[in-house]
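The values are calculated or read from the model by the stated rules, or taken from the named source; none is laboratory data. A quick note: this is a predicted structure, and the numbers were derived from the prediction, not measured. Areas reflect the complete protein model, heavy atoms only, side chains present, ligands, DNA and RNA absent. Shrake-Rupley method; radii C 1.70, N 1.55, O 1.52, S 1.80 Å.
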Amino acid sequence: MADPSPAARLHTSVWMLGLVSMLTDISSEMVSGLLPVFLVTQLAVSASTIGLIEGAACAVTMLVKAFSGSLSDYLGRRKPLVLLGYGLSAAAKPLLAAAGSVSLIASARLMDRTGKGMRDAPRDALIADITPESLRGAAYGLRQALDTVGAFVGPLLAMGLMLLWANDYRAVFWVATIPAVLALLLLYVGVREPVVADRKRLQNPITRANLRQLRASYWWLVALGAGLTLARFSEAFLVLRAQQDGLPLAWTPLVLIAMNLVYAGLAYPFGQWSDRLHPRLLLGASLLVLMGAHGLLAHGGLGVWAGIVLWGLHMAMAQGLMSALVANAAPDHLRGTAFGLFNVVSGLILLVASALAGYLWDSLGASAPFAAGAAFAALTLVLLLIQPQGSSQTH
């Protein structure tokens with residue numbers, strides 16, 4: 001009898017976590033695409049105030065990520081923190097729908113992003129806990145694929161409801177509560193956390209002795225992840241590039257929908273292949289794809305859409321693989337800490353990369369940030385080729 005497919009061999013909880021991510025992303029994307037316009041048109045909020053709210057939300061997410069993974073290592077449990085994180089995000093949705101002031105909306109937004117920071121690292125560590133090393137690429141690829149399905153279903157659903165209900169923002173925000181609550185129930189009922197004997201005693205994971213157990217191969221991955229993030233910056237610049245190239249304002253959501261369709265469709269197959277191929281080959285290929293995307297986006301014209309497709313292809317090739325590599329490079333009892341540190345560094349670099357991209361756009365034109373992104377991708381490729389001894393054997 002033939003061996004079952006990787007999908008069939010994945011733990012049921014991996015599938016459940018993927019569906020939870022999908023439902024939560026549907027909910028979040030229904031809100032995030034409309035909230036800035038709602039604040040401007042309904043509450044007369046200035047762009048600078050929106051910037052402050054979003055900046056604070058990003059800062060809170062990174063701050064909470066800095067300790068949530070380590071807290072899961074300390075407690076020896078992942079699921080309670082994952083439940084708390086998704087629960088906070090679910091609770092924020094009805095607050096947004098009912099809020100009548102900027103301060104309440106800001107509070108709900110901060111609650112939502114606190115939930116994201118709380119859940120991400122423990123969730124990724126939990127996937128590694130319940131998945132053998134030989135299937136981790138497939139597991140992270142599956143979760144990423146399902147999550148990305150939510151990233152384009154959410155905006156489509158929001159657009160359809162706005163058309164159906166004559167731009168009733170609050171009604172859409174109330175509907176966004178439904179998938180968030182369903183995700184929380186599915187997580188509670190459908191995800192089982194394994195009992196690990198050597199995690200029974202509480203201990204502080206962020207000590208010098210424990211951090212020394214994160215080997216050079218892990219820190220090299222942190223540096224590689226920083227390089228990848230620096231080369232990508234915010235996907236908002238994809239939307240701006242298409243709009244600057246003549247795409248009508250009403251159709252701008254199609255940019256992220258197109259990118260996420262490619263990403264969602266290919267993340268799981270590439271996750272499976274990453275369990276069989278040498279990771280450096282796949283990462284190197286993804287960087288070449290990213291360099292091609294930047295070149296097309298810098299050139300403009302019809303190349304913008306080809307660049308958007310290649311951007312989604314790069315994300316499908318690289319994101320799940322990086323999660324699997326981080327999981328494999330970290331000791332079991334420090335896995336949450338490892339994901340937390342990795343996420344914080346990547347988040348800080350994303351802020352720097354996006355600020356730099358905006359400066360280059362304003363100073364040198366729309367092509368400049370993409371030319372710089374291609375250069376950073378090339379430098380990251382060099383970093384990949386000079387990885388330290390012992391880092392290459394990750395599967």
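The heavy atoms of His333 offer some 60 square angstrom of accessible surface to a 1.4 angstrom probe.
Could you work out the relative contact order of region 1-160? I mean the mean sequence separation of Cα pairs under 8 Å and 6+ apart, divided by the number of residues, in percent.
Details: 176 pairs, mean separation 68.9, N = 160.
Taking the mean separation of contacting Cα pairs over the length of region 1-160, I get 43 percent.
Accessible area per residue (1.4 Å probe, heavy atoms of protein chains only) ranks Thr131, Thr114 as Thr114, Thr131, with the largest value leading.
Pairs of Cα atoms nearer than 8 Å and 6+ residues apart set the relative contact order; for the chain it is 26 percent. Among Lys65, Lys93, the order of accessible area from largest down is Lys65, Lys93, computed with a 1.4 Å probe on protein heavy atoms. What a 1.4 Å probe finds exposed on region 21-139 is 69% carbon and sulfur by accessible area, rounded to a whole percent.
For the chain, the 222 nm mean residue ellipticity estimated from helices alone, with every DSSP H stretch of n ≥ 4 adding -39500 (n - 2.57) and the total spread over all residues, rounds to -27000 deg cm²/dmol. Calculated accessible area for region 276-395 comes out at 40 Å² per residue, all protein chains present (probe 1.4 Å; ligands, DNA, RNA ignored).
Filter the DSSP H helices in the chain by two things, a Kyte-Doolittle mean of at least -0.5 and an axial alpha-carbon span of 27 angstrom or more, and list the hits by number. Qualifying helices, which must be both long enough and hydrophobic enough, are 12-32, 47-75, 79-98, 102-129, 136-164, 169-190, 253-274, 279-299, 303-329, 335-364. Within the accessible surface of region 291-384, defined with a 1.4 Å probe on protein heavy atoms only, the carbon and sulfur portion equals 76 percent.
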